[in-house]
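Undergrad: One structure, pasted below without further comment.
The values are calculated or read from the model by the stated rules, or taken from the named source; none is laboratory data. From a predicted model like this one, the values you see are computed outputs, not experimental measurements. Please note: Cβ atoms are built from the backbone with ideal geometry, for glycine as well, and neighbour counts cover all protein chains shown.
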Amino acid sequence: SGNAAKQGFSTSQQPRNPMRPFQAVAEQAEPAHDYSTKSIARPESGVLQTSRQPVIVSRVEGPRSILVGREATYQVTLENTSDTPASDLSAEINVPEWAELVDTMSTSGVVKRSEQGANAGALEWKLRELAPHASQALRLRLIPRSGRPLQLGVRWTQAPIQTQTIVEVQEPKLELAISGPREVRFGKAQRYRLTLRNPGTGLTEQVTLRLVPPGGDPQSAITQKIGDLKPGEVKDLDLELTAREAGELLIQANAFAAGGLQAETIKTVLCRKPELEIDWRGPDKKYAGTVAAYYFRVRNPGTAATEPVQMSLRLPAGAEFVSASEGYSIDTTTGVVSWRLAAIDVDEEQFMQLRCKIARPGKNDFELIAKTNDGELSDSKAFQTDVIALADLKLEVTDPQGPLPMGESVVYEIRVRNRGTTGAENINIVGLFSEGIDPTTVEGAQFSLRDGRVSFHPIKSLPAGREVLLRIHAKASRAGTHTFRAEVNCAELDIKLAAEETTRFFEDELRWEDGQTPYMAERQSTTKR
């Protein structure tokens, strides 16, 4: 604000010269308030804003002396000497109450007189805007009614200059996503994609990725440095992951960046795994030489179908293949029986059977193997059948075809055959003749004779498939039907065998040793006569 009367007018009276042009009496007005702002700057061309206030100069022009009761004209000028516009400029002009205000005229703005308050009677001149290097004027017509000094005071105000600096705040962000199949197969590599994105407005710095593979634990995590991500930048990382565990698995990835930024993504994956499981049914014990039946099952208790399956059974040495279920093939060189099966679905079962003869006594080993064509799935079972070998003795007695004359040497045969699968030991054989026929000579083994009883010394061993033949020569001393009985006893096998045959013998009255004997009696009687 300023007081133009003090500097623009003298208190001494001077002759009035109404034709004298307006004398410029001016002062640089000072604002009522200091609205200047300091610039906010950063070092080295880091200035964000510079603010300047408009500079307003006020001038009051008119006669320096006037007469009481005579009209005088004065002009108040407001000029903006700066490059900054002034807004809402308000000038207050104090006119003494003993001076009559005849008229006002302004080049712009609104002029009104205050009616009340401390500034009652003052003129208020309001300008909406005063452009840079522009000026506006207000003319006043006054008539002084007193001889006192006329003081025209000018005070102005303007709207404060508001400054605003927009500082761009950049915000880095971090997003992480994973894409890939929802279901995977056990042991098969699958491709997944990790997508890192910076949806923010600032640079995301020092990005690091940490990945826990499916079914893994924190100790198995993989860490990789990614670097920086520009605003809006997207970076894809292709991964090849292999599930080593069946069931519901989690793929967990975390991303970290400078400033504490982090992102996490978790994907649930179902790992399907086919499985092979085989089992068998069959005899734990079997007698040698008999047919044994075996039954096999292969199934898939897993969660995915298998590849085609090959099933094979290795027979024990000496086993004789008899038959098998449909679709088999046999390698006679190795003794392996095989079946080729199609893919086995989840919970599906397939069945096979085989019949064979096992001759070798003792533990006989079988090996059952199932495996997929790609070799990734397999199962095996080894089992045994205990083969029990027995000696089976067969007794046969052959007697001479009768009727036969008594006194003639006849032959009885005792044949003992071991038709079993193992040798027989300590076999006792006895030949018994009924009364009227007696043994004379024996062939085939050592023996002893007593009262028509032929006792052979025990046969220490008779291997399987072998036989012993004993011959007993005998003569009948009495006509009639005579009986021959053979007995075989093997205590170790708890075997007792007996066979009995009968032969008819007759007395031949006309039986001589040579052709002359029958006539000997006749010749002797002729000689006596």
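Undergrad: Test Val110 against the criterion of being in contact with a helix residue (DSSP H, G or I) (Cβ under 9 Å, 6 or more places away or on another chain), at pLDDT 55 or above and farther than 30 Å from Val167 by Cα, and give yes or no.
TA: So Val110 fails the test.
Undergrad: Please verify whether the stretch 137-150 includes one or more residues that are hydroxyl-bearing (Ser, Thr, Tyr), in contact (Cβ under 8 Å) with a residue 12 or more places away in the chain and surrounded by 14 or more Cβ atoms within 10 Å (Cβ to Cβ).
TA: No, that holds for no residue.
Undergrad: Follow-up question, since we're still on this one. Taking only pairs six or more apart or across chains, which ones have beta-carbon atoms under 8 Å, a first residue in the stretch 53-70 that is among the charged types (D, E, K, R), and a second residue that is part of a loop (DSSP other than H, G, I, E, B) and surrounded by fewer than 16 Cβ atoms within 10 Å (Cβ to Cβ)?
TA: Note: pairs meeting the criteria are Glu61/Phe22; Glu61/Gln23; Arg64/Ser10; Arg64/Gln14; Arg64/Gln23; Arg70/Arg16.
Undergrad: Hey, among Val111, Val167, Val154, which residue is assigned to a loop (DSSP other than H, G, I, E, B) and either in contact (Cβ under 8 Å) with a residue 12 or more places away in the chain or within 60 Å of the chain's Cα centre (by Cα) (or both)?
TA: None of the other options fit; the residue is Val167.
Undergrad: Further, regarding this structure: Could you tell me whether the stretch 352-361 includes any residue that is assigned by TED's automatic domain parsing to the domain that holds Val309, exposed (fewer than 13 other Cβ atoms within 10 Å of the Cβ) and either under 26 Å from Lys286 (Cα atoms) or modelled with pLDDT of 95 or more (or both)? Walk me through it before giving the result.
TA: As a first pass, look at the stretch 352-361 and keep what is assigned by TED's automatic domain parsing to the domain that holds Val309: 352-361.
Now drop any that are not exposed (fewer than 13 other Cβ atoms within 10 Å of the Cβ), which leaves none.
Checked against the condition, which is being assigned by TED's automatic domain parsing to the domain that holds Val309, exposed (fewer than 13 other Cβ atoms within 10 Å of the Cβ) and either under 26 Å from Lys286 (Cα atoms) or modelled with pLDDT of 95 or more (or both), the stretch 352-361 yields no hits at all.
Undergrad: Where in the stretch 283-340 are the strands (runs of 3 or more DSSP E), entirely inside, with at least 1 residues that are without any contact (Cβ under 8 Å) to a residue 60 or more places away in the chain? Outline the logic, then answer.
TA: Numbers: elements: 285-287, 291-299, 309-314, 320-324, 328-331.
Fully inside the stretch 283-340 and qualifying: 291-299, 309-314, 320-324, 328-331.
Undergrad: Take the residues in the stretch 114-126 that are more than 13 Å from Pro96 (Cα to Cα) and in a strand (DSSP E or B); name whichever of them is modelled with the lowest pLDDT.
TA: Looking at residues that are more than 13 Å from Pro96 (Cα to Cα) and in a strand (DSSP E or B), I get Glu124.
Undergrad: While we're here: Quick check on this structure: which one of Ala474, Ala464, Ala445, Ala486 is within 11 Å of Tyr412 (Cβ to Cβ) and either out of contact with any Leu (no Cβ under 8 Å at 6 or more places or on another chain) or in a loop (DSSP other than H, G, I, E, B) (or both)?
TA: Working: Ala464 fails: within 11 Å of Tyr412 (Cβ to Cβ); Ala445 fails: within 11 Å of Tyr412 (Cβ to Cβ); Ala486 fails: either out of contact with any Leu (no Cβ under 8 Å at 6 or more places or on another chain) or in a loop (DSSP other than H, G, I, E, B) (or both).
Checking each option against the conditions leaves just Ala474.
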